[in-house]
Structures are given as structure tokens and as C-alpha cells.
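Each remark here refers to the structure printed beneath this line.
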Amino acid sequence: MLTKTQRLSVYLARMFWDYLVFIAVFIFSAVLTVKNYNFFKNVNGQFLLLSLLVIWFFSSKIAGLYDEFRSRNFGYELIGIIKIDFIISISTIIILFLLKEQNLSRNFLFIFSLSLFLILIIEKYLFRKIFRLLRRKGKNLSKLLII
């Protein structure tokens, strides 16, 4: 079996890449839908991103997105991503309404939700392929001694 440190490293790596993808997709969607959008000057956009990251953290914990994934098929992870993407979309609508943000519109929401969903699926699939390749090379293997 993987040691506690190795499991923690895999958990943190998966979480780090998801957050990185999330932030990149958010900024990309905002820049694509709003002319001259400057994320660093838009306080509402920063608050929205921070709020969505917190919501992502808790909803991914509830959905079990970062649980041991080697024993589960890809469909389980796909369903978790669908649930979390739906929660993020509804949260985005609510937060944008409460902030009365005029710049980030329905186009932003559509592009953000769709691209987040697609890129996360690709990322999760690539992560599985990388770990499968590592296991073939003798790394990331579970070892069990029966006496």
C-alpha cells in the first residue's frame, strides 16, 4: 500500500491541479466574455473567484472527488465532476446576483461552466493515464505482505 505521505502527496497534487485549472478557466472565461477585463482591478471578480474556490473545496469533499481513485472507475469521477460543476454554476448565479455584477453575464457563466467541465474531465483522464504509466514502470504500487 501507499504510505500515508505518498497518499497525502497524491491528494494534494490532484487538488493543486484542480485549483490551478479552476483559476485559469475562470480568468480565461472572464477575459473572453468581457472587453478589457482586468481581474486584478475587479474586486467583485476576485471575491467571486475566492467564494467559488471555497465552495469547490467543500463540494468536492462531499462528492468524494479526491478519495482514492484507483479502485473506482472513471464514471464515478465523471459523476462527481458533473455534480460539482452544477453546484458551482448555481453558486455563480447567486453570487453574481448578490454582488449586482454587470460585467460578468450569462455568456461568462456558460463559457465558464462548460470549459471547466470539459477541462476537468481531460485533466482527470490524463491524471489516470499518468498514474497507470507510473504503475507499469513499478512506481505507485501497493505492496502487501501476507504471513
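The values are calculated or read from the model by the stated rules, or taken from the named source; none is laboratory data. What you see is a predicted model; the values in this text were computed from it and never measured. Note that we place each Cβ from the backbone using ideal geometry, even for glycine, and neighbour counts take in every protein chain shown. Ligands, DNA and RNA are excluded from the accessible area calculation, which covers all protein heavy atoms including side chains. Shrake-Rupley method; radii C 1.70, N 1.55, O 1.52, S 1.80 Å.
Of everything in the stretch 42-68 that is more than 16 Å from residue 112 (Cβ to Cβ) and among the β-branched types (Val, Ile, Thr), the residue that is modelled with the highest pLDDT is 54. Here residue 18 clears all of (1) among the charged types (D, E, K, R); (2) outside any helix (DSSP H, G or I); (3) under 17 Å from residue 117 (Cβ atoms) except the condition numbered (2).
Search the stretch 47-95 for residues being outside any helix (DSSP H, G or I) and small (Gly, Ala, Ser), and hand back the single one that is least open to solvent (accessible area, probe 1.4 Å). Top of the filtered list is 64. From the list 104, 109, 120, the lone residue that is open to solvent by less than 60 Å² (accessible area, probe 1.4 Å), in a helix (DSSP H, G or I), touching a residue at least 24 places away in the same chain (Cβ under 8 Å) and aliphatic (A, V, I, L, M) is 120.
Restricted to the stretch 33-46, and to residues there that are exposed (fewer than 14 other Cβ atoms within 10 Å of the Cβ) and part of a helix (DSSP H, G or I), the residue that is nearest to the chain's Cα centre (by Cα) is 46.
Give me a count of the residues in the stretch 76-123 that are under 22 Å from residue 39 (Cβ atoms) and of a type in the set (Lys, Arg). Before the answer, list the steps.
Start the filter on the stretch 76-123 by keeping residues that are under 22 Å from residue 39 (Cβ atoms), which leaves 85, 88-89, 91-120, 123.
Subset that is of a type in the set (Lys, Arg): 100, 106.
Residues meeting the conditions: 2.
Taking into account only those residues within the stretch 131-147 that are part of a helix (DSSP H, G or I) and surrounded by 11 or more Cβ atoms within 10 Å (Cβ to Cβ), which is modelled with the highest pLDDT? Out of the qualifying residues, it is 133. Taken over the stretch 1-21, the criterion of being over 19 Å from residue 120 (Cα atoms) and surrounded by 15 or more Cβ atoms within 10 Å (Cβ to Cβ) is satisfied by 2 alone. Among the residues making up the stretch 22-32, a single one is over 12 Å from residue 116 (Cβ atoms) and buried (at least 18 other Cβ atoms within 10 Å of the Cβ): 30.
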